[in-house]
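Here the structure is laid out as structure tokens; the discussion comes afterwards.
The values are calculated or read from the model by the stated rules, or taken from the named source; none is laboratory data. Everything numeric here is computed off the predicted structure, so don't read it as measured data. FYI the Cβ positions are ideal-geometry reconstructions off the backbone, even for glycines, and counts take in every protein chain you see. Ligands, DNA and RNA are excluded from the accessible area calculation, which covers all protein heavy atoms including side chains. Shrake-Rupley method; radii C 1.70, N 1.55, O 1.52, S 1.80 Å.
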Amino acid sequence: MSRNTKVRNEPPTTNAQSLRQFNDQLGGWTSQFVRRTGAHQGAGRMVVALLLAVTLFTVLNPRVFLSPINLQNIAVAAPEIGIISIAMMVVMLTGGIDLSLVAIANFSAITISTLHTAIAASDPDLANNLGILIVLAGMAVGMLGGAFNGFLVSVVGITPILATLATMQIYNGIAIVWTGGSTLYGAPTMLGAIGQAAVANAPLLFIIFLAVAILVAVLMNRTALGRMIQLEGANPVAAQYSAIPRRSVLLKTYTLGGLLAGLAGVLFLARNPTASADYGSSYVLLVIVIAVLGGTKPTGGFASVSGVVLATLTLQVVSSGFTAIRLSSYEYAIAQGVILITVMILDSVSSSRTKRPKKKNPPHDAAASSEAVLLRP
Amino acid sequence: MGALRSLRGSNNEGVLALVLVGLIVAMSIANPSFFTLNTGFSILRSSIVPVVFALGVLIVVITGGIDVSFAAIAIFAGYATVSFCLNAGFDPGLPGIFAIAIAVGAALGLVNGIVIAQFNLPTLIVTLGTQGVFFGAMYTWVGASYYAELPGSMAALATSNLLDVTTSAGRAYLHVLVVPVLLLCVLVAWVLKRTMFGRSLYAMGGDLEAARRAGFLVKRTQVSVYVLVGALAAIAGVIHIVLSRSANPRDLVGGELDIIAAVVLGGASIFGGRGSVIGTVLGVLLIQVIKNSLLLVGVPSAWLRTAVGVLLVLGVGIQAIAARRNSRRMRVIEDLDTAQKQEQKVGS
């Protein structure tokens, strides 16, 4: 930035030039301001959207929307969708997509419910004492599901869309056969306790959600694996030539996605001790919407966990707000689609705007090219 | 060797046909009641709607995109037409009904096309969004009630059969709609193979940027592709309503993946640039035969989903491994190639 100001403080020669300089400076200030607030990124944009949504529904129907029960519902419902969205974000970071996440989450929930019911049939106390082990088994199932996705994508070399499309059918199909299409009841009491518990009025589920978000953010931004995942998505060719072990990175990414989905399955059970094969089938779209809204680039390489968390909250607010002003779930489906497409259009328009002037009239490049001319023998 | 290769087909259609014949022979040996005219006709009947859908998906996949909103467009167009005719209390006849539905479907496809072409957005995510919009719009503004009675001309079409054969196993019906669907297949195959429009679809799927520089009107073609898919989906929607003899707004949506699976099994490349109508039809038939035979062998219908998923993994996995083996000789180019495909897939 210092270099820019130096260039701009030179005495203006003509009127037209000074006007242009002033214009450049104004542009510089606004873009700097925008960058500082983070409004061009998922996180900053979602803060604005969240505030807008909350204000809108508060004005429209404050009695229902601001009721403690409604706010509690938002905080309890957000974690399960939010964690699957974070899983989707991680996978999208590599430039892939995972359509099987919801199926994996259901699979994990069904595993836990079945194990618990089977053990509880002979010894209810034992089943509750083994609660942690049962939950871990469920998450292991999720991890295995993710690892199989990773195997198909990285070793076999199937496109992520198709591989996860297929595994979604497989996991979902097995779950249907397993449950016979009916809803299972029963979960370790420990999970129910977690679902009910609250720390200083904040539901424990919500705190778990934030903790997971922070963990994933640290993993993505502060570890070698996270860096490699980002590079793989940003530019696969460059990553290849930088000796990034593509196979193992992809394998780990999808396994992590499966593990997070498994955790979401645990939260399903904590909120409501029932599991079924087709629970949350509408989440597949919702989760992609949230990930993209939160600033994840569908082409990979860029994502922000805080953006995804805020997008989750925003969509939960919109969903409960629609209920508060008595709009149907179908109108909510329309809103989801419209929001998704609008945001993507805005992204595409703003990115082409920021690119274009740089190409046409770049102060840096002008300097660089004059240097280049001087350097030319 | 050359004859063998030409039998195999450019997109492995020969192999697919062989698998299909093998499966039918195996099923007939395992359960003689499989190999009857009744089974054959019922498989054909159940393939009518998927084949029309698959033609639309094939066109999009050839251009390198993916569309998951076609089922929502189909039921929107079909259901809106029926509900309009019933509420207005008039029957425009079959051509009229198809015309209204196709207009609605093409208009919805135009929305997809404009958003995708104008802003250069990933097709999967756009159509996921419009799928929700179309479905929600139908429920909110068109209606949500189930119509058990259809307009007269549609009801008449539902019961008209091309062939009505009495065999030892009972009477077998071949539905008359098999004929127009067959004609539609020939038409799409002709467009893809013999017209400039068809060429430009393959060119765009091969390399969008190259097609642009070669002078193809990429944006305009993209928009027309999605309009065409909307129109095809609308035809499938009306046919579905005719065959099921009722208009249920809950139908069709959710079955998109089976169609995409069939198209990909039929040899169309998800990266674009490859695919044929024959392969697509064979892919649809294969899935329908497997569904039918699983039921006959006594496998519970709950396994169908899993079976389709496994089939997709096998089909696409074999394709992926074969593609890698083919290019293994050129080490560096292979690496670059997979990376580019990675990018392309992401852009699609």
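So, of the residues in the stretch B:151-196 that are in contact with a Ser or Thr (Cβ under 8 Å, 6 or more places away or on another chain) and at pLDDT 85 or above, which turns out to be least open to solvent (accessible area, probe 1.4 Å)?
Top of the filtered list is B:Leu192.
Considering only residues that are assigned to a helix (DSSP H, G or I) and of a type outside the set (A, V, I, L, M, F, W, C), which ones fall in the stretch B:282-300?
B:Gly283, B:Gln288, B:Lys291, B:Asn292, B:Ser293, listed by residue number.
Out of the residues in the stretch A:59-79 that are in contact with a Ser or Thr (Cβ under 7 Å, 6 or more places away or on another chain) and either aromatic (Phe, Trp, Tyr) or outside any helix (DSSP H, G or I) (or both), which is farthest from A:Ser319 (Cα to Cα)?
Checking each candidate, the answer is A:Leu66.
Taking the criterion of being free of Cβ contacts under 8 Å to residues at least 24 places away in the same chain and either open to solvent by 30 Å² or more (accessible area, probe 1.4 Å) or within 14 Å of another protein chain (Cβ to nearest Cβ) (or both), would at least one residue in the stretch B:222-232 satisfy it?
For the stretch B:222-232, residues free of Cβ contacts under 8 Å to residues at least 24 places away in the same chain and either open to solvent by 30 Å² or more (accessible area, probe 1.4 Å) or within 14 Å of another protein chain (Cβ to nearest Cβ) (or both): absent.
Considering only residues of the stretch A:96-137 that are of a type in the set (Gly, Ala, Ser) and surrounded by fewer than 24 Cβ atoms within 10 Å (Cβ to Cβ), which is nearest to A:Ala166 (Cα to Cα)?
That would be A:Ala137.
Within the stretch A:180-216, work out how many residues are in contact with a helix residue (DSSP H, G or I) (Cβ under 6 Å, 6 or more places away or on another chain) and among the hydroxyl-bearing types (Ser, Thr, Tyr).
Number of matching residues: 1.
Scanning the stretch B:124-136 for residues that are open to solvent by less than 10 Å² (accessible area, probe 1.4 Å) and of a type in the set (S, T, N, Q), which turns out farthest from the other protein chains (Cβ to nearest Cβ)?
So, considering only residues that are open to solvent by less than 10 Å² (accessible area, probe 1.4 Å) and of a type in the set (S, T, N, Q), the one farthest from the other protein chains (Cβ to nearest Cβ) is B:Thr127.
Enumerate the pairs (first residue in the stretch B:166-190 and part of a strand (DSSP E or B); second residue anywhere and at pLDDT below 95 and loosely packed, with under 12 Cβ neighbours inside 10 Å) with beta-carbon separation below 6 Å, excluding pairs fewer than 6 apart on the same chain, so at least 6 apart or on different chains.
B:Tyr173/B:Asp164
Going through the stretch A:250-297 one residue at a time, which ones are polar (S, T, N, Q) and within 27 Å of A:Arg227 (Cα to Cα)?
A:Thr253, A:Thr255, A:Thr296
So how many residues does the stretch A:318-333 have that are facing chain B (nearest Cβ under 7 Å) and either open to solvent by less than 20 Å² (accessible area, probe 1.4 Å) or among the acidic types (Asp, Glu) (or both)?
1
Give me a count of the residues in the stretch A:71-100 that are hydrophobic (A, V, I, L, M, F, W, C), out of contact with any Pro (no Cβ under 7 Å at 6 or more places or on another chain) and more than 14 Å from chain B (Cβ to nearest Cβ).
Qualifying residue count, the stretch A:71-100: 10.
Could you pull out the residue among A:Val349, A:Val338, A:Val343 that is at the interface with another protein chain (Cβ under 10 Å from one of its Cβ atoms), at pLDDT below 80, part of a helix (DSSP H, G or I) and out of contact with any Asp or Glu (no Cβ under 9 Å at 6 or more places or on another chain)? Write out each step before concluding.
Numbers: A:Val338 fails: at pLDDT below 80; A:Val343 fails: at pLDDT below 80.
After applying the criteria, what remains is A:Val349.
Name the single residue that is farthest from A:Val237 (Cα to Cα) among those in the stretch A:291-309 being within 14 Å of chain B (Cβ to nearest Cβ) and among the hydrophobic types (A, V, I, L, M, F, W, C).
A:Leu293
Could you check the stretch A:138-160 and list, in sequence order, the residues that are buried (at least 17 other Cβ atoms within 10 Å of the Cβ), aliphatic (A, V, I, L, M) and within 30 Å of B:Gly64 (Cα to Cα)?
A:Ala147, A:Leu152, A:Val153, A:Ile158
Pairs please, first residue from the stretch A:165-179 and at the interface with chain B (Cβ under 7 Å from one of its Cβ atoms) and within 16 Å of B:Ala262 (Cα to Cα), second anywhere and basic (Lys, Arg) and part of a helix (DSSP H, G or I), Cβ atoms under 8 Å, 6+ apart in sequence or on different chains.
Going by the 8 Å Cβ cut-off, the qualifying pairs are A:Gln169/B:Arg305; A:Ile170/B:Arg305.
When you go through B:Trp141, B:Trp190 one by one, which is the residue that is away from chain A (no Cβ under 14 Å) and either in contact with a Lys or Arg (Cβ under 6 Å, 6 or more places away or on another chain) or among the aromatic types (Phe, Trp, Tyr) (or both)?
Checking each option against the conditions leaves just B:Trp190.
Only one of A:Ile214, A:Ile229 is open to solvent by less than 60 Å² (accessible area, probe 1.4 Å) and either under 19 Å from A:Met89 (Cβ atoms) or part of a helix (DSSP H, G or I) (or both); which?
A:Ile229
Determine if the stretch A:182-202 includes at least one residue that is within 14 Å of chain B (Cβ to nearest Cβ) and among the aliphatic types (A, V, I, L, M).
No, that holds for no residue.
Taking the stated definitions as given, is A:Ser85 at pLDDT 90 or above, within 9 Å of A:Gly262 (Cβ to Cβ) and in contact with a helix residue (DSSP H, G or I) (Cβ under 9 Å, 6 or more places away or on another chain)?
no
Out of the stretch A:187-245, which residues are within 23 Å of the chain's Cα centre (by Cα), under 17 Å from A:Gly262 (Cα atoms) and among the small types (Gly, Ala, Ser)?
A:Gly195, A:Ala211, A:Ala213
Can you find a residue that is at pLDDT below 80, surrounded by fewer than 16 Cβ atoms within 10 Å (Cβ to Cβ), at negative phi and more than 14 Å from every other protein chain (Cβ to nearest Cβ) anywhere in the stretch B:280-296?
Yes, that holds for at least one residue.
Would you confirm whether or not the stretch A:263-285 contains a residue that is β-branched (Val, Ile, Thr), more than 13 Å from chain B (Cβ to nearest Cβ) and over 27 Å from A:Val135 (Cα atoms)? Show your work before the answer.
As a first pass, look at the stretch A:263-285 and keep what is β-branched (Val, Ile, Thr): A:266, A:274, A:284.
The next check asks that each one be more than 13 Å from chain B (Cβ to nearest Cβ); those that pass are A:266, A:274.
Filter once more, so that each one left must be over 27 Å from A:Val135 (Cα atoms): none.
Within the stretch A:263-285, not a single residue is β-branched (Val, Ile, Thr), more than 13 Å from chain B (Cβ to nearest Cβ) and over 27 Å from A:Val135 (Cα atoms).
Looking for whichever is within 14 Å of another protein chain (Cβ to nearest Cβ) and part of a helix (DSSP H, G or I) here; the options are A:Thr253, A:Thr312. Which one fits?
Only one candidate passes the filter, namely A:Thr253.
Yes/no matrix, rows are residues, columns are (1) in contact with a Leu (Cβ under 9 Å, 6 or more places away or on another chain); (2) of a type in the set (Phe, Trp, Tyr); (3) at pLDDT 90 or above:
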{"position": "A:Gln230", "(1), (2), (3)": "yes, no, yes"}
{"position": "A:Ala243", "(1), (2), (3)": "no, no, no"}
{"position": "A:Tyr254", "(1), (2), (3)": "yes, yes, yes"}
{"position": "A:Gly257", "(1), (2), (3)": "yes, no, yes"}
{"position": "A:Leu263", "(1), (2), (3)": "no, no, yes"}
{"position": "A:Ser281", "(1), (2), (3)": "no, no, no"}
{"position": "A:Leu293", "(1), (2), (3)": "yes, no, no"}
{"position": "A:Thr299", "(1), (2), (3)": "no, no, no"}
{"position": "A:Ala303", "(1), (2), (3)": "yes, no, no"}
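Considering only residues that are under 22 Å from A:Gly180 (Cα atoms), in contact with a Leu (Cβ under 7 Å, 6 or more places away or on another chain) and open to solvent by less than 30 Å² (accessible area, probe 1.4 Å), which ones fall in the stretch A:267-279?
Scanning the stretch A:267-279 gives A:Leu269, A:Ala275, A:Ser276.
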